[in-house]
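Here the structure comes first, spelled out in structure tokens, and everything after it is commentary.
The values are calculated or read from the model by the stated rules, or taken from the named source; none is laboratory data. Please read all numbers here as calculations on a predicted model, not as lab measurements. Here the Cβ is made from the backbone with ideal geometry for all residues, glycine too, and neighbour counts use every protein chain on show.
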Amino acid sequence: MSGAPLKKPVPTTTRPWRVAIDTPVVLDALIRNQGAGAWLRQSWQAGRITPLLCTATARELVQALAWPRWELAADECQDLLADFLPHVEVVNVTEAATTRSSRATRGRALAALVRAGQPDAVLQNRANAAEAQDLTRPPAIRQRGVKTWSVEDLMEALATPT
């Protein structure tokens, strides 16, 4: 984390932050549920944040939960989705986002979600948030002031009084 103080975006304590969350970050919160991931999960459950979701990002999440790597039974996947989906705001994305499993495709789906949903923040893993020049940060998004955060940075920002 950089030594510069974090500048808070527009949201206030009167409403939850609307956030577009990269699929690996959601997976970390659902499957590992430790550290920053546990905080993120508790934040959507408590209504401090409202995750945004579109068809393409929902499809990514369902496909990712089904990966053999996680060794999750179908009912376990359903339970994890049931802990997330009631807390999301569904965004209608009219842009075509392909469903091939690749980082570039995931980036396009997240970028389309950001453009359509106009979130207060984008959450990515620490490495992607630090780079902040990936597909979720096109010039139109930067001009609207949407910041790419890591979960740890968002934790710090929400813990700091306004």
ask   = Checking LEU52 against (1) without any contact (Cβ under 8 Å) to a residue 24 or more places away in the chain; (2) in a strand (DSSP E or B); (3) hydrophobic (A, V, I, L, M, F, W, C), which single condition isn't satisfied?
value = (1)
note = Note on the stretch 134-156: residues in a helix (DSSP H, G or I), modelled with pLDDT under 80 and surrounded by 18 or more Cβ atoms within 10 Å (Cβ to Cβ) are ILE141
request  = Return the only residue of LEU110, LEU81 being closer than 22 Å to ALA36 by Cβ, at pLDDT 95 or above, of a type in the set (A, V, I, L, M) and not in a strand (DSSP E or B).
outcome  = LEU81
inquiry  = Checking ALA46 against (1) over 23 Å from MET155 (Cβ atoms); (2) more than 12 Å from the chain's Cα centre (by Cα): exactly one of these is not met. Which one?
reply    = (1)
query = Does THR57 satisfy the criteria of being touching a residue at least 24 places away in the same chain (Cβ under 8 Å) and within 18 Å of GLU156 (Cα to Cα)?
reply = no
ask   = Can you pull out the residues in the stretch 35-90 that are β-branched (Val, Ile, Thr), in contact with a Leu (Cβ under 9 Å, 6 or more places away or on another chain) and over 13 Å from PRO16 (Cα atoms)?
value = THR57, VAL62, VAL90
